[in-house]
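Peer 1: Below: one structure in structure tokens.
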Amino acid sequence: MIDKLNNRKGDTIKTLIIAAAEDMRKQLSEMAEQADLRNLILSDGVNAREQAAKSGFDVAILMLPLEKEFGLKLADEIRKTTGAQTMLFVPSKNYDEVCHRLRDKYFFILPKNISRNVAVSAMQTAGAYSERLSALESGNDTLRKMLSEIKLVNRAKCVLIEYLRISEKEAHRQIQKRAMDQRITLTEVAMDILKTYEYLNIDQKD
């Protein structure tokens, strides 16, 4: 069983809450909202694997054990599938064992009898980590895109230098001027240059 709660404007962190009992799901969802995690999906764990693979989550909160399994394997699969910051609430008697088994993995592990304030604080931390990781990934994507564009423009300059027998400065000036005249990006100019001279090169070989 999976239920989706209403989203509120501006809530971007998608959170999966898993607990066998409905009252536990409700309690966790209330704490999550208090921690400013409001884009919530609640599950009893039965179809959680499929839901995680299909939808993706930023934070996953599990109250263990579940009805048909303890839940450590499920938690690890969700973490690997989605990259979510994963928090486990476990019985006090199992706390040390779970911490030992997951010592080399990145989980927030808390005993069930922990205070509500500490639990909410941990959820806030998980949400903050998720936001920071998303920002880093976005920054890395931007950097990779910039480097790719620079390499493309440099390749186009090399082609102009080779075929037109001009300097690097003149090749750069021609690419910039063409971009301004045609009102297109440097990347688009570079791609067009590469396509043109690649075609000429094929013709020459034929």
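Peer 1: Among the listed residues ASP104, ASP203, ASP192, identify the single one that is modelled with pLDDT of 85 or more and acidic (Asp, Glu).
Peer 2: On the way: ASP104 fails: modelled with pLDDT of 85 or more; ASP203 fails: modelled with pLDDT of 85 or more.
From the options ASP104, ASP203, ASP192, the qualifying one is ASP192.
Peer 1: Moving on to the next point. For residues that are outside any helix (DSSP H, G or I) and in contact with a helix residue (DSSP H, G or I) (Cβ under 7 Å, 6 or more places away or on another chain), tally how many sit in the range 108-131. Lay out the reasoning, then the answer.
Peer 2: Of the residues in the range 108-131, the ones outside any helix (DSSP H, G or I) are 108-115.
Adding the requirement that they be in contact with a helix residue (DSSP H, G or I) (Cβ under 7 Å, 6 or more places away or on another chain) leaves 108-113.
Looking only at that region, the number is 6.
Residues checked against (1) at positive phi; (2) among the β-branched types (Val, Ile, Thr):
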position	(1), (2)
ILE17	no, yes
GLN27	no, no
ALA35	no, no
ASN39	no, no
GLY45	yes, no
SER55	no, no
ILE61	no, yes
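Peer 1: Quickly run through the range 64-97 and pick out the residues that are small (Gly, Ala, Ser) and either in contact with a helix residue (DSSP H, G or I) (Cβ under 9 Å, 6 or more places away or on another chain) or buried (at least 18 other Cβ atoms within 10 Å of the Cβ) (or both). Give the steps one after another, and end with the answer.
Peer 2: First pass over the range 64-97, keeping only residues small (Gly, Ala, Ser): 71, 75, 83-84, 92.
GLY71, ALA75, GLY83, ALA84 - these are the residues of the range 64-97 that are small (Gly, Ala, Ser) and either in contact with a helix residue (DSSP H, G or I) (Cβ under 9 Å, 6 or more places away or on another chain) or buried (at least 18 other Cβ atoms within 10 Å of the Cβ) (or both).
Peer 1: Can you spot a residue in the range 57-64 that is more than 17 Å from ALA19 (Cβ to Cβ) and either assigned by TED's automatic domain parsing to the domain that holds MET24 or of a type in the set (S, T, N, Q) (or both)?
Peer 2: Quick first cut of the range 57-64, residues more than 17 Å from ALA19 (Cβ to Cβ) only: 58.
Now narrow it down to the ones that are either assigned by TED's automatic domain parsing to the domain that holds MET24 or of a type in the set (S, T, N, Q) (or both): 58.
Looking for residues that are more than 17 Å from ALA19 (Cβ to Cβ) and either assigned by TED's automatic domain parsing to the domain that holds MET24 or of a type in the set (S, T, N, Q) (or both), one finds at least one in the range 57-64, hence yes.
Peer 1: Of the residues ALA60, ALA52, only one is outside any loop (DSSP other than H, G, I, E, B), of a type in the set (Gly, Ala, Ser) and at pLDDT 90 or above; which?
Peer 2: Step by step, each of ALA60, ALA52 is checked, and only ALA60 is outside any loop (DSSP other than H, G, I, E, B), of a type in the set (Gly, Ala, Ser) and at pLDDT 90 or above.
Peer 1: Looking only at the range 120-175, filter to residues that are under 30 Å from LEU28 (Cα atoms) and of a type in the set (Asp, Glu); which one of those is modelled with the lowest pLDDT? Even if it seems obvious, please write down each step before you answer.
Peer 2: Of the residues in the range 120-175, the ones under 30 Å from LEU28 (Cα atoms) are 120-138.
Add one more test, that the residue is of a type in the set (Asp, Glu), and what stays is 131, 137.
Values: GLU131: 79, GLU137: 60.
Result: GLU137.
The values are calculated or read from the model by the stated rules, or taken from the named source; none is laboratory data. The shown structure was predicted, so the numbers you read here are calculated from the model rather than taken from an experiment. Note that we place each Cβ from the backbone using ideal geometry, even for glycine, and neighbour counts take in every protein chain shown.
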